[in-house]
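Note sheet for the following structure.
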Amino acid sequence: MRTTYCGLVSEALMGQTVTLMGWAHRRRDHGGVIFIDLRDREGLVQIVFNPDRVATFRLAESLRSEYVISVTGVVRLRPEGGANPNLASGEIEVLVDGKAPIREGAGSYFGEIALLRDVPRTATVRAATDVELYALDRDDFLPAVTGHAGSVQAAESVIGTRLGMSTV
């Protein structure tokens, strides 16, 4: 489960382990170390993936903008010269520890309602085996689902079933 929001990670959490969930806002690969600016409703925080943590690093290599991810890591000061004065969290970063699943996205019973209703996704999906994930961002998803009366009705029915309520 999430322990805090990206925009609330600060020096007050220095040395603590946090679990964050959000959208990959930006991905940068700087000679083997991968940085993800993770975004949620509260803001951005920089996430760091080191190649010495092979499993999470391989997953980080496949991350792209707008992927929904969950990470667990330790809050630390950014190295000297690495601060970003343009971010509220620009003095710190989160070093992924490799203990939590990190790549998640839309799929069966995950994320579609959030995309349709434009609300934060709150579910977590963990694959027990290798999977191939196909994900659409909201701009691609909405026209595909709402562009036809029959698909709108089907989507509303699914939402009603999943939420246990009528959507009419």
Search result, residues across segment 37-87 that are surrounded by fewer than 18 Cβ atoms within 10 Å (Cβ to Cβ), among the acidic types (Asp, Glu) and out of contact with any helix residue (DSSP H, G or I) (no Cβ under 7 Å at 6 or more places or on another chain)
Asp52, Glu61, Glu66, Glu80
Looking at (1) touching a Lys or Arg at 6+ places or on another chain (Cβ under 8 Å); (2) at pLDDT below 95, can you tell me which one Asp52 breaks?
(1)
Condition first: more than 17 Å from the chain's Cα centre (by Cα) and not in a helix (DSSP H, G or I). Now tell me which residues in segment 42-73 satisfy that.
Asn50, Pro51, Asp52, Arg53
Has segment 20-37 got any residue that is basic (Lys, Arg), under 16 Å from Gly90 (Cα atoms), free of Cβ contacts under 8 Å to residues at least 60 places away in the same chain and touching a Cys at 6+ places or on another chain (Cβ under 8 Å)?
no
Restricting attention to segment 4-41, report how many residues are touching a Leu at 6+ places or on another chain (Cβ under 9 Å) and assigned to a strand (DSSP E or B).
13
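The values are calculated or read from the model by the stated rules, or taken from the named source; none is laboratory data. Owing to the predicted nature of the structure, the values given are computational and were not obtained by experimental measurement. Counting neighbours? That spans all protein chains shown, and the Cβs are built from the backbone with ideal geometry, glycine included.
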